[in-house]
Every structure is written in C-alpha cells, then in structure tokens.
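Chemist: Have a look at this one before I ask anything.
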There are 2 protein chains.
Amino acid sequence: MPRDHRPAKSIRVLLAEDQGMMRGALALLLGMEPDIEVVAQVGTGDVIVDAALTHRPDVALLDIELPGMSGLDAAAELRDQAPDCRVLILTTFGRPGYLRRAMEAGAAGFLVKDGPVEELAVAIRRVLTGETVVDPALATAALSAGPSPLTARECDVLKASADGATVADVAARLHLSESTVRNYLSAAIGKTGTRNRMEALREARQQGWL
Amino acid sequence: MPRDHRPAKSIRVLLAEDQGMMRGALALLLGMEPDIEVVAQVGTGDVIVDAALTHRPDVALLDIELPGMSGLDAAAELRDQAPDCRVLILTTFGRPGYLRRAMEAGAAGFLVKDGPVEELAVAIRRVLTGETVVDPALATAALSAGPSPLTARECDVLKASADGATVADVAARLHLSESTVRNYLSAAIGKTGTRNRMEALREARQQGWL
DNA sequence: GTGCCACCCTGACATTTGTCACACCGAACT
DNA sequence: AGTTCGGTGTGACAAATGTCAGGGTGGCAC
C-alpha cells in the first residue's frame, strides 16, 4: 500500500457506483488530486450508509441506479444518520424528476455523467464550501417541468407493470382487482399524454417519476 | 499541448464511448500508461470509421450501445476499411449474443465494464500480440446459448415495437399488413418462451439478439 | 423434375388491454 | 352539520393484442 506524503487536510470521499470499471477509473482519478482521498468504494446501494458510518467521509458521491437501494433513498438516509456528510449525486441522465427528488433528499449537488471528468473534483470542492452545484439548464428544466402528476398508487402499478408483467400479475402482487389495475394504468396513460402502458412507462422513467 | 518524451513505439488507441465522463476517465488512465497513446476519442458510432481512417489507430476500443451506429456494425466496417486496426469491444453487459456477434464482426476481444480497470491496458497489449481476449465464463455461456432463433424480419418487428409503438405504427413503418406484424410478434413471443411483446423484447435484448 | 423446408405474408377469431361512468372514503374548507 | 375535492377501488364496454390455420415463394437435397 503506497503511503506517500499527503496534505494534512484531505477531503474524504465515499464512492458509490455499480459499474466496476467506472468506479475504479473515478477512484484512481480522484485519488490523484492532491487534496482528495477516496476512503471507501461500494457497488450496491444498501451498504452506503454502513460505509459512511464507518469511514466518515466528507462527501458521498452517489450513482442513482444502484442494485439494492437507490442512491436517492440512500441520500435521504445519510441526511438523518450522517448529517455532516454532503451528498453529491452522479447519474447517467439528467432527468428533471431525479434532480427534484435529489434536492428533496437533501443532496448538495447533482452531476450528469455526460460532462467532462474535470467537473468532478471541482464539484467536490465546491459542495464542501456549502455551495449547491447544479447545471443551470437542468435546474430550469426541472422547475418548469413541475412535480410528478402521478399518485403513489399509479407509480406502484406502473413500476409493477415493467418488463411485460400482465394485468393479472400486477393485480396479484399488489392485492388489487384487475379492473383497478387497468384503471390506474389508464390514468397514468392519460396524465403522461401517451397511448399505452409502454409509452407511459417510458415517459415516466424519462421524467424521473418512478 | 504537453509534448513530453514518450517511447518510440506507443500503441495508438481509438476510444468510442458515449458517456462523456467514462470516456474522459478512460482516456486519462490509458494515457498514463507509458506505451499507450489515445489518438482519437469519439462519442457517436457513425464517426468511428472516419476517425480510424484519419488517425490510423492500432486498437479501436468500442462501446456497443452508441448513438448513430452500433459498435458491432462499426467493427464490421473497420474489418473491411481498416483491417490493420484490431477491435476491442467494451460493453456494459456481457450478453451472449453480443459476444457472438462481436466475434462474427471480427473483434479481437470482448470486455465488460464491470471488471477492474487494470484489465483494460492488459487487454489492449494482448490483442496487439494477436491473442483473442474473452472472459472464459462468458465464452462458454455464449456457446451453450446457441445462435439467435429469430429471423431477420422478426428482429425488425421487435425493434420497431420498442418503446410502445403500436401495431399500426410498426406496420406503417415497415410497409406490412397489421396481421403480418402481429404474426411476427407472435412468433417472437413463442421463440423466446414469453407471454407478450414486452417480455419478448426484454428477453431478446437480454440475449443480445437485437 | 419433385418433394421438402424455411421464411415471408395475410385474414379470422379469442384474449388482453384501455376507456368510461360510477361508488366509497377521508381531509379540508364553509 | 354539509360540501367539495382528490385519491382509491370496481364493473361494463370498445379497441388493441396474441393465436391459429393457411397461401405464396425461393433455395436445396434427392
């Protein structure tokens, strides 16, 4: 283990990302910054809080789509259990609903993976000063899009209908009548302005409403 | 532009990857290897061949899911137009059908993004010696799975049905009768052992048959 | 040639899906 | 109290989806 000299005050970072190569690459790059130290790497969402409690990072860099637990849910838990740890969300797509939910979960920043890598270290330093770092264009998009029009039940039914589950399957899993399931799907289709459950599902995902 | 001394014979690499942060991180890491030089970076599939012809890389590192043109199709074109350039496929999921099609397209290697980053430089050096680098477990899976049972037309209809396109839409786009479209979908459903178009789509994608 | 087989294409029918009108319940306001 | 309103749940009907039986064509073995 290389123990070369490092600055007295280095920023402790927790990295949560499921794709191994991405995780490794980011850890290496961040580790090269003189003032940043990656103290923990995890590949699933359900160990984020544990890792944060044991390694006490200053910043948690969280992907959203993770096995086990969503990065957004993990952010909300971190706010309660490790309030000193600032959360920086790093996600593949800048869905308006994702940004909205990230802010509601107490995130200090929101980055998309499309941007240049240099943004990353800059953003980490800025959230530590108390700044909130968000792409301005994305912020306005999230505001103008408004909150999700879908009710909780409609979300449940949509999520359960993913991957081709039939109405009977969904009804059984959620303990509802088939008519009810069809009705919720119809409502979701109407609210998304689409023509069938598949389009509704795509649109809801696109907006980050699930 | 830093022009520090570099070894006389450095490996010239073309990097095709749509996610900006991943692309930048990989380029930086590869650039640190003493014998590797990233001579071109692209974010869409349709410029891969052009970039290869102008920059003459020794190895092309291609993602599969790319806007514009699939990395697999680009690999096939590279075999014709730049036969000296060895192709190394780098993809998110190790779908058996992807591996099969990569080999049929003349790829020299197949890596999944889950693995450690260190694999990458090693793989690049190995494909240059003429070796074919593939994860053995994945190779046996691809062999045991057999080739795709779907006919060309069935693939077309499945792909056109993605994202909730209705039968009428597909029929119009492919200049077919609605009955025909339904029949192809039914065949695909039967061959995939699923119950509706959505499950068939998911399964076919999972296997890399599209 | 003849048969065989795979693929492409189509129409008629049963099943599933989407729409609509309506009943129930709790919260908020008058 | 009554009233309104949004979310929830349900059954009857129309429209889309999935299944089946079958016709047409071209390649290939015999």
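Chemist: Please go through segment B:154-193 and give me each residue that is of a type in the set (S, T, N, Q) and within 10 Å of DNA strand C (Cβ to nearest atom), ordered by number.
Modeler: In the first step, residues of segment B:154-193 are kept if they are of a type in the set (S, T, N, Q); the result is B:161, B:166, B:177, B:179-180, B:183, B:186, B:192.
Across segment B:154-193, the qualifying residues are B:THR166, B:SER177, B:SER179, B:THR180, B:ASN183, B:SER186.
Chemist: For segment B:106-139, enumerate the residues that are assigned to a loop (DSSP other than H, G, I, E, B) and within 18 Å of the chain's Cα centre (by Cα).
Modeler: Passing the criteria: B:GLY106, B:ALA107, B:ALA108, B:LYS113, B:ASP114, B:GLY115, B:THR132, B:ASP135.
Chemist: Turning to a different aspect of this structure: Of A:MET69, A:MET103, which residue is closer than 24 Å to A:LEU201 by Cβ, of a type in the set (A, V, I, L, M), within 12 Å of the chain's Cα centre (by Cα) and surrounded by 15 or more Cβ atoms within 10 Å (Cβ to Cβ)?
Modeler: On the way: A:MET103 fails: closer than 24 Å to A:LEU201 by Cβ.
It is A:MET69.
Chemist: Being in contact with a strand residue (DSSP E or B) (Cβ under 9 Å, 6 or more places away or on another chain) and more than 14 Å from chain B (Cβ to nearest Cβ) is the filter here, so list the residues in segment A:130-153 that pass it.
Modeler: Within segment A:130-153, A:GLY130, A:GLU131, A:THR132, A:VAL133, A:VAL134, A:LEU138, A:ALA139, A:ALA142 meet the criteria.
Chemist: Among the listed residues B:ALA102, B:ALA76, B:ALA27, identify the single one that is part of a helix (DSSP H, G or I), hydrophobic (A, V, I, L, M, F, W, C) and over 25 Å from A:GLY24 (Cβ atoms).
Modeler: Of B:ALA102, B:ALA76, B:ALA27, the one residue that is part of a helix (DSSP H, G or I), hydrophobic (A, V, I, L, M, F, W, C) and over 25 Å from A:GLY24 (Cβ atoms) is B:ALA76.
Chemist: Might you check whether a residue that is within 15 Å of DNA strand C (Cβ to nearest atom), in contact with a Phe, Trp or Tyr (Cβ under 7 Å, 6 or more places away or on another chain) and part of a loop (DSSP other than H, G, I, E, B) occurs anywhere in segment B:140-153? Reasoning before the result, please.
Modeler: Here is the first cut: in segment B:140-153, the residues within 15 Å of DNA strand C (Cβ to nearest atom) are B:146-153.
Next, from what is left, pick out any that are in contact with a Phe, Trp or Tyr (Cβ under 7 Å, 6 or more places away or on another chain): B:148, B:150, B:153.
Checking which are part of a loop (DSSP other than H, G, I, E, B) leaves us with B:148, B:150.
Within segment B:140-153, one or more residues are within 15 Å of DNA strand C (Cβ to nearest atom), in contact with a Phe, Trp or Tyr (Cβ under 7 Å, 6 or more places away or on another chain) and part of a loop (DSSP other than H, G, I, E, B).
Chemist: Can you confirm whether segment B:152-173 contains a residue that is touching a residue at least 24 places away in the same chain (Cβ under 8 Å) and under 19 Å from B:MET103 (Cβ atoms)?
Modeler: yes
Chemist: Of these, B:THR192, B:THR180, which one is among the polar types (S, T, N, Q) and either under 28 Å from the mean Cα position of the chain (by Cα) or under 22 Å from A:ARG205 (Cα atoms) (or both)?
Modeler: After applying the criteria, what remains is B:THR192.
Chemist: State yes or no: is B:ASN196 in contact with a Gly (Cβ under 6 Å, 6 or more places away or on another chain), within 12 Å of DNA strand C (Cβ to nearest atom) and on the phi < 0 side of the Ramachandran plot? Give the derivation first.
Modeler: Numbers: in contact with a Gly (Cβ under 6 Å, 6 or more places away or on another chain): yes; within 12 Å of DNA strand C (Cβ to nearest atom): yes; on the phi < 0 side of the Ramachandran plot: yes.
Spelling it out, B:ASN196 is indeed in contact with a Gly (Cβ under 6 Å, 6 or more places away or on another chain), within 12 Å of DNA strand C (Cβ to nearest atom) and on the phi < 0 side of the Ramachandran plot.
Chemist: Exactly one of these conditions fails for A:LEU62: (1) surrounded by fewer than 17 Cβ atoms within 10 Å (Cβ to Cβ); (2) among the hydrophobic types (A, V, I, L, M, F, W, C); (3) under 25 Å from A:ARG205 (Cα atoms). Give me its number.
Modeler: (1)
Computed from the coordinates by the stated procedures, all read-outs in this text should not be read as laboratory data. This structure is a prediction, so every number in the text was calculated from the model and none was measured. Note: ideal-geometry Cβ built from the backbone for every residue, glycine included; neighbour counts use all protein chains shown.
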